[in-house]
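The values are calculated or read from the model by the stated rules, or taken from the named source; none is laboratory data. Predicted model, so just to flag it, every value in this text is computed and none were measured. Glycine gets a Cβ as well: all are built from the backbone with ideal geometry, and neighbour counts include every protein chain shown.
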Amino acid sequence: MKICVLPGDGIGPEITAQALRVLAALRSDGLPIEIEQALIGGSAVDAEGVPLPASTLGLAGEADAVLLGAVGGPKWDGLPRDRRPERGLLGIRKSLELFANLRPAILYPELANASTLKPEVVAGLDIMIVRELTGDIYFGQPRGIEQRDGETVGFNTMIYSEAEIRRIARVAFDIAMKRSRRLCSVDKMNVLECTQLWRDVVTEEAKSYPDVELSHMLVDNAAMQLVRNPKQFDVMVTGNMFGDILSDEASMLTGSIGMLPSASLDAANKGMYEPSHGSAPDIAGKGLANPLATILSVAMMLRYTFGQEEAAARVEDAVKRVLAEGLRTADIHEKGKRQVGTAAMGDAVLAAL
Ligand code: NAD
């Protein structure tokens, strides 16, 4: 089990340190885990001048799975676009062909009060958003800012091929088969031709999954329904840009982005696993960050890349136990609970493990 760990920037190194402790514990219990570490994002810009050095891409390419902390921060915001930390992230996703982004939004019963929505609206929430990650308007050409008829214009291209839609639809249908067999595909077919094709291909693919109940929803309605009645959803599948926005919205239903893992998979289930949140520069270096999203990303890695369901469940159970014991980092803290920092939360997970 070759794992490439990319701590990144901001709170990245603090939270991956705790995930590394979990991996070390699993190794001493017999899992054949090998770890390599490399630079990405702003820390790579500082050391090597680029956000994704060739050596990092090489190590990530050789590994079975990648564990990423987070990248970015104000220090690098003024850099030219191709040297910004986020470019490293887009680059690694594209190079490794990680086209399927799985973002669960789960509300642990212990944290029902952490949500800004009423507990009865969100209690027991368990949604899986499947976002296409390597296509769409984020990568479409042509793109740019240029002069046209004496005026500056900015432009991007929204584009999906049938094959790109089909492979992400299959991932979503397969996940729906393992859950409650309900899939909602999100598009904007009333305005965008690109997403008319999306709807047509997903509908066609549904014929291979007669046991899955497929529905379609326009993205504006989906954004509204996610806050009105989120429990109507089980698995959702959508394109890169809509998925970017909806998965952040869904994550906030749960109260803390510090709790949510994510996976990005290629066609052979090789994956990059990372917390859904960013590098949180406002709390970086203070020992306050919640490491649970990163630790839960390790659980997803064990499940989706390594097929180690038992070990995955063990890590998830350890996290649940720590929450049940009343430990909370600042982002999920509420009255009557014990507030702890990043390392103490890691200690507690290891003890529970
Ligand atoms: P963010 O997710 O970093 O932070 C948003 C808020 O959530 C902040 O108040 C932060 O303190 C809090 N937060 C985030 N993770 C937390 C954790 N584990 N524990 C406790 N609190 C946590 O989003 P942002 O502020 O919009 O972005 C900051 C930087 O991160 C930017 O440079 C952005 O480009 C980058 N970013 C990186 C990724 C990634 O690496 N995948 C994703 C999103 C943003």
Note to self: Tally up the residues in segment 140-164 that are of a type in the set (Phe, Trp, Tyr) and surrounded by fewer than 17 Cβ atoms within 10 Å (Cβ to Cβ), please.
What the structure shows: 1
Notebook entry, point to check: Do any helices (runs of 4 or more DSSP H) lying entirely in segment 187-262 carry at least 2 residues that are touching a Gly at 6+ places or on another chain (Cβ under 8 Å), and which ones are they?
Noted result: 193-205
Notebook entry, point to check: Of 293, 312, 280, 289, which residue is of a type in the set (A, V, I, L, M), crowded, with 19+ Cβ neighbours inside 10 Å and on the phi > 0 side of the Ramachandran plot?
Noted result: 280
Notebook entry, point to check: Does residue 79 fit the bill of being loosely packed, with under 15 Cβ neighbours inside 10 Å, within 16 Å of the ligand (Cβ to nearest atom), hydrophobic (A, V, I, L, M, F, W, C) and more than 21 Å from residue 293 (Cβ to Cβ)?
Noted result: yes
Next item on the list: Evaluate segment 89-104: report whether one residue or more is more than 13 Å from the ligand (Cβ to nearest atom), touching a residue at least 24 places away in the same chain (Cβ under 8 Å) and of a type in the set (Lys, Arg).
Entry: yes
Note to self: Tally up the residues in segment 226-250 that are polar (S, T, N, Q) and either surrounded by fewer than 16 Cβ atoms within 10 Å (Cβ to Cβ) or in contact with a Pro (Cβ under 9 Å, 6 or more places away or on another chain) (or both), please.
What the structure shows: 2
Notebook entry, point to check: Just a yes or no: is a residue in segment 248-260 out of contact with any helix residue (DSSP H, G or I) (no Cβ under 7 Å at 6 or more places or on another chain), of a type outside the set (Val, Ile, Thr), closer than 30 Å to residue 213 by Cβ and touching a residue at least 24 places away in the same chain (Cβ under 8 Å)?
Noted result: yes
Next item on the list: Check 52, 20, 39, 68 and return the single one that is at pLDDT 95 or above, part of a strand (DSSP E or B) and either of a type outside the set (S, T, N, Q) or within 20 Å of residue 277 (Cβ to Cβ) (or both).
Entry: 68
Note to self: Kindly evaluate residue 346 against the criterion of being under 18 Å from the mean Cα position of the chain (by Cα) and surrounded by 24 or more Cβ atoms within 10 Å (Cβ to Cβ).
What the structure shows: no
Margin query: I'd like to verify a number: residues in segment 300-353 that are within 16 Å of the ligand (Cβ to nearest atom), charged (D, E, K, R) and part of a loop (DSSP other than H, G, I, E, B), how many?
Written below: 2
Notebook entry, point to check: Which numbered condition trips up residue 124, out of (1) on the phi > 0 side of the Ramachandran plot; (2) part of a strand (DSSP E or B)?
Noted result: (2)
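Conditions (1) touching a residue at least 40 places away in the same chain (Cβ under 8 Å); (2) closer than 16 Å to residue 137 by Cα, marked per residue:
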| site | (1), (2) |
| --- | --- |
| 186 | yes, yes |
| 189 | no, yes |
| 199 | no, no |
| 206 | no, no |
| 209 | no, no |
| 216 | no, no |
| 219 | no, yes |
Next item on the list: Name, by its number, the condition in (1) part of a helix (DSSP H, G or I); (2) of a type in the set (Gly, Ala, Ser); (3) without any contact (Cβ under 8 Å) to a residue 60 or more places away in the chain that does not hold for residue 169.
Entry: (3)
